[in-house]
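The structure under discussion appears below in the form of structure tokens.
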Amino acid sequence: LSGAHMTVFPKIVELMKAKGLDNVLLTGGGIIPEEDMQKLHELGVGKLFAPSAPTTEIADYIRSWTMEHRSELFS
């Protein structure tokens, strides 16, 4: 509820880019307004989940993202 997501996520994205971690998923969740989710997505943050999101939905998203962006892991 502190709004830290708009400070923390951009800083993490910045650090990841500085380290060349372009093929690493950054995702998360919590109580984040839709407008903030959109801004964070535009910065490169993956899908953000509401507190009520089922863990199966989160796992499916991570698995799907990995298959799409890190296919070399499955070759």
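The values are calculated or read from the model by the stated rules, or taken from the named source; none is laboratory data. As the structure is a prediction and not an experimental result, all values here were calculated from the model. Note: ideal-geometry Cβ built from the backbone for every residue, glycine included; neighbour counts use all protein chains shown. Just so you know, the surface numbers come from the protein's heavy atoms only, side chains and all, with ligands and any DNA or RNA stripped out. Shrake-Rupley method; radii C 1.70, N 1.55, O 1.52, S 1.80 Å.
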In the stretch 10-62, what count of residues is obtained for those that are among the β-branched types (Val, Ile, Thr) and free of Cβ contacts under 8 Å to residues at least 12 places away in the same chain? 3
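Have a look at Ala59, Ala50, Ala18 and point out the one that is loosely packed, with under 10 Cβ neighbours inside 10 Å and among the aliphatic types (A, V, I, L, M).
Ala18
Can you name every one of the helices (runs of 4 or more DSSP H) wholly within the chain that holds 3 or more residues which are out of contact with any helix residue (DSSP H, G or I) (no Cβ under 7 Å at 6 or more places or on another chain) and among the β-branched types (Val, Ile, Thr)? Steps first, answer last, please.
On the way: elements: 5-18, 34-43, 55-69.
Here the list reads 5-18, 55-69.
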Using the structure shown, decide if Arg70 is open to solvent by less than 100 Å² (accessible area, probe 1.4 Å), over 21 Å from His5 (Cβ atoms) and basic (Lys, Arg). yes
Can you tell me which condition Glu35 does not meet? The list is (1) open to solvent by 60 Å² or more (accessible area, probe 1.4 Å); (2) under 19 Å from Met67 (Cα atoms); (3) not hydroxyl-bearing (Ser, Thr, Tyr), and all the others hold. (2)
